[in-house]
Amino acid sequence: MDALTHTLLAADVQDRGAAVEAYRVTKRFGALTALDDVSMKVEAGSFHCLLGENGAGKSTLVKCLVGYHPPEEGSFMVDGREQAIRSPRDAQRLRIGMVYQHFTLAPGMTVAENLLLARGDLPLRIDWRREKAALATFLASTPFRLDLNARVADLAAGEKQKLEILKQLYLGQRLLILDEPTSVLTPTEADEVLGLLHGMTRDGRLTVMMITHKFREVSAYGDSVTVLRRGKLAGSGRVGELSTQDMAEMMVGSAVSVATAPRRRAADAGRMAGDIRLGVDGLCADNDRGMAAVRELDLVVRAGEIVGIAGVAGNGQKELVEVLLGQRSASGGAVRVDGEAYGATRAELRRHGVFSLPEEPLRNACVPNMSVAENMGLRDFDIAPFSGGWLSLRFLRRGALTRRAKEWIEAFGVRPPDPSAAIENLSGGNVQRAVLARELSGAVRLLIVANPVFGLDFAATEAIHRRLDQARNDGAAILLVSEDLDELLELSDRILVMSEGRIAHQALAGYVDVAEIGRCMAGHGAGGH
Amino acid sequence: MSETTDGLAFGSLALALLGGALRVSTPFLFVSLGECITEKSGRINLGLEGTLVLGAMGGYGIALLTGSPWLGVLAAGLCGVLMGLLHGALCSLPKVNDIAVGIALMLFGTGLAFFLGKPLIQPQAPMLPSVELGAWSDSEQLRSALRINVLLPLGLALAGLLHWGFRSSRWGLALRLVGDNAAAARALGYPVVPIRIGATAAGGFLAGVGGAFLSLYYPGSWNEGLSSGQGLMAVALVIFARWSPLRCALAALLFGAAGALGPALQSQGITAGYYLFNAAPYVLTLALMAASWTPGQTLAGAPGELSFTQR
């Protein structure tokens, strides 16, 4: 081979997706073996899915591959050559890029600044006019539309996710690793993003490796799949040759039913809904920047029904939930529970049986460095039987708290089963289970739920959905705010669509026009503008 | 009193305030610009009060020894760099809180300066030169108000340079990234700890230079009551200025004017409440902090990594 052909071939390889192989990779964190002797192979130009439950080691594996924590044992091959990847810089040199589950953007900086910083070879003096023109040209070559001058803090979650992906595309990566990229996107956005990435793999320009929980995405976009369970390789294969059932069995280690059919039956539709539990009347609230986020919103939730609120993230759902939970003060309007004025004080929550599953439970429903038992007692540690005793001075009865925590840990399957562990050391799914135990074990009359299965695997998702359904059948009124339309369609008796702080559309279960909901979510509904 | 004399009195009061602002604001300006650099990197250095005093002492001592006030300024800056490096290095140890280290270094810096500065109280060091901007005027008062020190235009130019640099230079962007999201910076391969130490050292340099102004221009001598908390107020001023160097410059002038209120009123013959008016900058600090801190809202423009913006 002469020199010229050689360079041509090298250039050719540079513009193609990378082939990556992991060989017997082991990673330990202290006593915990997060990855145990895992080998996997990703073909050049393929769309590879990495499946597994929470804590199965998927994130650890890809973080080893991008040099974030180098493995103790094992090696990685890129395009058939063994490569030492000891730092993110090494991964960058091999043009392997990762879109993290938690956003890695600088919130106080603009879209353009974030993109430029990712490039890494900045000139000492930045010519913004030229750089912005170049960035605009790059943006035009993708189907994503973002304002280059917008501050990242002002972007919605979906837009941040797009920027994360754009950042990697801008770097010209040959292997793109995505950690649950669609968990914050609307179904339409998710299809758009994955469709685009899938198209780039079809051209052979890019290899994509995606961590996901969603079998739908695996079947629709994946070429091949690797399944991890408890840090070990549980199986792998081509997507066409493995059924959803096969993959589910590999993930959890035994056969489980993958029920996706709507639970609402025709008989349910005729059931009489009960009294009005929650009445929201002309509610207004501002967001953190002092802008109106909830605008004169009215809604009603009756006993024995689940009212679902659909909408693209950033349309006031978060602020609405925060007002209902007492985390934010309303700027106008009224909230009534059981017909009485309601200000989310502890006494009112207790009197009306109001409970909640807010999103990001570790932040919104827990004290991270307190134990599981203490967190489980946050609602009632100050009343009998958990406080009392000598001279009625209301001493805390730790024994009672711990005993109850043990019962709940058992009943809800919290791992590890240790009531004295700090709750921040539990995985996301187990934090959610612990909170669920606290919020659903009392006499629930009104339940406020926001994105309850965000980032959870399908077994945990299934369990939470079953419990919500059970609470509804027991007569609780449930307000369910979710970015996952499928979840809402599956659970809700009524669906409201929230857009720009208002209810833009509502429909009864069974009479839902999904296309119309999509239009209203996008702000193009009949009542929108 | 007739209206004309009222008008005259008001005019000369305004002139006195302007003069005061131009004269007294320089240390505020330098310390706040230095703190601005440090805070942009995600750390707070409360020790700049100590740095300021140590810089004042060091600058005075070196100017006395060498006979050159400029070498004094340089020495003051180097004192600041050492203090900044110390703060930066201590805070880079695991589980060390930058605010606590800052308070310790504030006490350390002032204590060290008092200890080493004892022999400097009597002798007179050469002073920094001033620029006569009011030479065209025949009003003595105006000329005295516009007689500014050479450090002030340097500081104002630096504010402009920082404003440009934070947005349009590699160093500025990297600094802001480190201060806004350290995890992202690490993922992109930017060295978080060295950048922070560098930013704290640079902040220390500027605070030291601010100290040299105190001892080498105005009031122009070394004594233990020299700073009276100006370094601390400058830290508050950065928050009020929302981490913008240009607003820092404006706020420094405002604080300077407030500091000149007492003496200016005294020169007008109003002596009642002299000490009360001298407290104006402190009252202003409190009032501005209360006004700029709206409950329930995150502070716009605050670097995300600062310990008080973390949730």
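Does the stretch A:383-394 contain any residue that is within 21 Å of A:GLU424 (Cβ to Cβ) and of a type outside the set (Ser, Thr, Tyr)?
From the stretch A:383-394, those within 21 Å of A:GLU424 (Cβ to Cβ) are none; that's our starting set.
No, because not a single residue in the stretch A:383-394 is within 21 Å of A:GLU424 (Cβ to Cβ) and of a type outside the set (Ser, Thr, Tyr).
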Restricting to the stretch A:380-392, what's the tally of residues that are of a type outside the set (Ser, Thr, Tyr) and crowded, with 17+ Cβ neighbours inside 10 Å?
2
Given the conditions (1) more than 23 Å from B:MET289 (Cα to Cα); (2) within 14 Å of chain A (Cβ to nearest Cβ); (3) at pLDDT below 95, and given that B:ASN223 satisfies all but one, which numbered condition is not satisfied?
(2)
Looking only at residues in the stretch B:226-261 that are modelled with pLDDT of 85 or more and aromatic (Phe, Trp, Tyr), which one is nearest to B:GLY204 (Cα to Cα)?
B:TRP243
Just checking, which of A:LYS41, A:LYS58 is under 28 Å from the mean Cα position of the chain (by Cα), surrounded by fewer than 20 Cβ atoms within 10 Å (Cβ to Cβ), at pLDDT 85 or above and more than 14 Å from every other protein chain (Cβ to nearest Cβ)?
A:LYS41
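Which is among the aliphatic types (A, V, I, L, M) and in a strand (DSSP E or B), of A:ALA106, A:ALA34, A:ALA56?
Working: A:ALA106 fails: in a strand (DSSP E or B); A:ALA56 fails: in a strand (DSSP E or B).
Just one listed residue meets the conditions, A:ALA34.
Confirm whether A:LYS132 is among the basic types (Lys, Arg) and either crowded, with 18+ Cβ neighbours inside 10 Å or at pLDDT below 90 (or both). First the steps, then the outcome.
Working: among the basic types (Lys, Arg): yes; either crowded, with 18+ Cβ neighbours inside 10 Å or at pLDDT below 90 (or both): no.
The answer is no for A:LYS132.
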Given the criteria surrounded by 15 or more Cβ atoms within 10 Å (Cβ to Cβ), facing another protein chain (nearest Cβ under 7 Å), in contact (Cβ under 8 Å) with a residue 12 or more places away in the chain and in contact with a strand residue (DSSP E or B) (Cβ under 9 Å, 6 or more places away or on another chain), does A:MET109 qualify?
yes
In the stretch A:100-145, how many residues are of a type in the set (Lys, Arg) and under 14 Å from B:SER168 (Cα atoms)?
4
Looking at the stretch B:63-80, can you tell me whether even one residue there is among the aromatic types (Phe, Trp, Tyr) and buried (at least 24 other Cβ atoms within 10 Å of the Cβ)?
no
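Answer yes or no as to whether A:SER371 is surrounded by 14 or more Cβ atoms within 10 Å (Cβ to Cβ), at pLDDT 90 or above and of a type in the set (Ser, Thr, Tyr). Spell out how you get there, then give the answer.
Working: surrounded by 14 or more Cβ atoms within 10 Å (Cβ to Cβ): yes; at pLDDT 90 or above: yes; of a type in the set (Ser, Thr, Tyr): yes.
Against the criterion (surrounded by 14 or more Cβ atoms within 10 Å (Cβ to Cβ), at pLDDT 90 or above and of a type in the set (Ser, Thr, Tyr)), A:SER371 qualifies.
So if I check each of A:LEU401, A:LEU349, A:LEU391, which one is in a helix (DSSP H, G or I), modelled with pLDDT under 90 and aliphatic (A, V, I, L, M)?
Details: A:LEU401 fails: modelled with pLDDT under 90; A:LEU349 fails: modelled with pLDDT under 90.
From the options A:LEU401, A:LEU349, A:LEU391, the qualifying one is A:LEU391.
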Checking the conditions here, which among A:ALA106, A:ALA136 is over 24 Å from B:GLU305 (Cα atoms) and hydrophobic (A, V, I, L, M, F, W, C)?
A:ALA136
Of the residues A:GLU340, A:GLU305, A:GLU296, which single one is of a type outside the set (Ser, Thr, Tyr), at pLDDT 90 or above and either surrounded by 18 or more Cβ atoms within 10 Å (Cβ to Cβ) or within 21 Å of the chain's Cα centre (by Cα) (or both)?
A:GLU305
Does the stretch A:155-176 include one or more residues that are within 13 Å of chain B (Cβ to nearest Cβ), assigned to a loop (DSSP other than H, G, I, E, B), in contact (Cβ under 8 Å) with a residue 24 or more places away in the chain and closer than 30 Å to A:GLY290 by Cβ?
no
Does B:PRO126 fit the bill of being in contact with a Pro (Cβ under 7 Å, 6 or more places away or on another chain), away from chain A (no Cβ under 14 Å) and surrounded by fewer than 22 Cβ atoms within 10 Å (Cβ to Cβ)?
yes
Among (1) more than 8 Å from chain B (Cβ to nearest Cβ); (2) of a type outside the set (Val, Ile, Thr); (3) in contact with a Leu (Cβ under 7 Å, 6 or more places away or on another chain); (4) farther than 20 Å from A:ARG174 by Cβ, the one test that A:GLU53 misses:
(3)
Hits in the stretch B:162-177 (condition: part of a helix (DSSP H, G or I) and either without any contact (Cβ under 8 Å) to a residue 40 or more places away in the chain or within 9 Å of chain A (Cβ to nearest Cβ) (or both)):
B:TRP164, B:GLY165, B:ARG167, B:SER168, B:ARG170, B:TRP171, B:GLY172, B:LEU173, B:ALA174, B:ARG176, B:LEU177
Complete set of residues in the stretch B:216-246 that are part of a helix (DSSP H, G or I) and more than 15 Å from B:LEU152 (Cα to Cα):
B:GLN230, B:GLY231, B:LEU232, B:MET233, B:ALA234, B:VAL235, B:ALA236, B:LEU237, B:VAL238, B:ILE239, B:PHE240
Taking the condition more than 22 Å from B:VAL193 (Cβ to Cβ), under 23 Å from the mean Cα position of the chain (by Cα) and in a helix (DSSP H, G or I), does B:ALA113 pass?
yes
Select, from B:GLY55, B:GLY72, B:GLY34, the only residue that is under 20 Å from B:ALA249 (Cα atoms), in contact with a Gly (Cβ under 7 Å, 6 or more places away or on another chain) and not acidic (Asp, Glu).
B:GLY34
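Test of understanding: among A:LEU135, A:LEU116, A:LEU148, which residue is among the aliphatic types (A, V, I, L, M), outside any helix (DSSP H, G or I) and either away from chain B (no Cβ under 14 Å) or in contact with a helix residue (DSSP H, G or I) (Cβ under 8 Å, 6 or more places away or on another chain) (or both)? Give the steps one after another, and end with the answer.
Details: A:LEU135 fails: outside any helix (DSSP H, G or I); A:LEU116 fails: outside any helix (DSSP H, G or I).
Just one listed residue meets the conditions, A:LEU148.
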So for the stretch A:61-76 (the condition being surrounded by fewer than 22 Cβ atoms within 10 Å (Cβ to Cβ), among the small types (Gly, Ala, Ser), assigned to a loop (DSSP other than H, G, I, E, B) and away from chain B (no Cβ under 14 Å)), does at least one residue qualify?
no
Lone qualifier among B:ALA16, B:ALA113, B:ALA56 - being under 30 Å from B:SER139 (Cα atoms) and small (Gly, Ala, Ser)
B:ALA16
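Which residue out of A:MET200, A:MET210 is in contact with a strand residue (DSSP E or B) (Cβ under 9 Å, 6 or more places away or on another chain), modelled with pLDDT of 85 or more and within 23 Å of A:THR104 (Cβ to Cβ)?
Details: A:MET200 fails: modelled with pLDDT of 85 or more.
Just a single option satisfies the conditions, and that option is A:MET210.
Within the stretch B:263-274, does at least one residue satisfy the condition of being at pLDDT below 90, part of a helix (DSSP H, G or I), within 20 Å of the chain's Cα centre (by Cα) and away from every other protein chain (no Cβ under 14 Å)? Outline the logic, then answer.
From the stretch B:263-274, those at pLDDT below 90 are B:263-274; that's our starting set.
So of that shortlist, the ones also part of a helix (DSSP H, G or I) come out as B:263-267, B:274.
Still in the list and also within 20 Å of the chain's Cα centre (by Cα): none.
No, the stretch B:263-274 contains no residue that is at pLDDT below 90, part of a helix (DSSP H, G or I), within 20 Å of the chain's Cα centre (by Cα) and away from every other protein chain (no Cβ under 14 Å).
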Answer yes if at least one residue in the stretch A:81-101 is out of contact with any strand residue (DSSP E or B) (no Cβ under 8 Å at 6 or more places or on another chain), under 15 Å from A:GLN168 (Cα atoms), at the interface with chain B (Cβ under 8 Å from one of its Cβ atoms) and crowded, with 22+ Cβ neighbours inside 10 Å, and no otherwise.
no
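Just wondering, is there one or more residues in the stretch B:195-202 that are touching a residue at least 60 places away in the same chain (Cβ under 8 Å), under 16 Å from B:GLY77 (Cα atoms), of a type in the set (Val, Ile, Thr) and assigned to a helix (DSSP H, G or I)? Before the answer, list the steps.
The initial filter retains those residues of the stretch B:195-202 that are touching a residue at least 60 places away in the same chain (Cβ under 8 Å), namely B:195-202.
From the residues that got through so far, the ones that are under 16 Å from B:GLY77 (Cα atoms) too are B:197-202.
Adding the requirement that they be of a type in the set (Val, Ile, Thr) leaves B:197, B:200.
So of that shortlist, the ones also assigned to a helix (DSSP H, G or I) come out as B:197, B:200.
Scanning the stretch B:195-202 turns up at least one residue that is touching a residue at least 60 places away in the same chain (Cβ under 8 Å), under 16 Å from B:GLY77 (Cα atoms), of a type in the set (Val, Ile, Thr) and assigned to a helix (DSSP H, G or I).
The values are calculated or read from the model by the stated rules, or taken from the named source; none is laboratory data. Every value quoted in this text rests on a predicted model; they were computed, and no experiment measured them. No Cβ is skipped: glycine too gets one built from the backbone with ideal geometry, and neighbour counts run over all protein chains shown.
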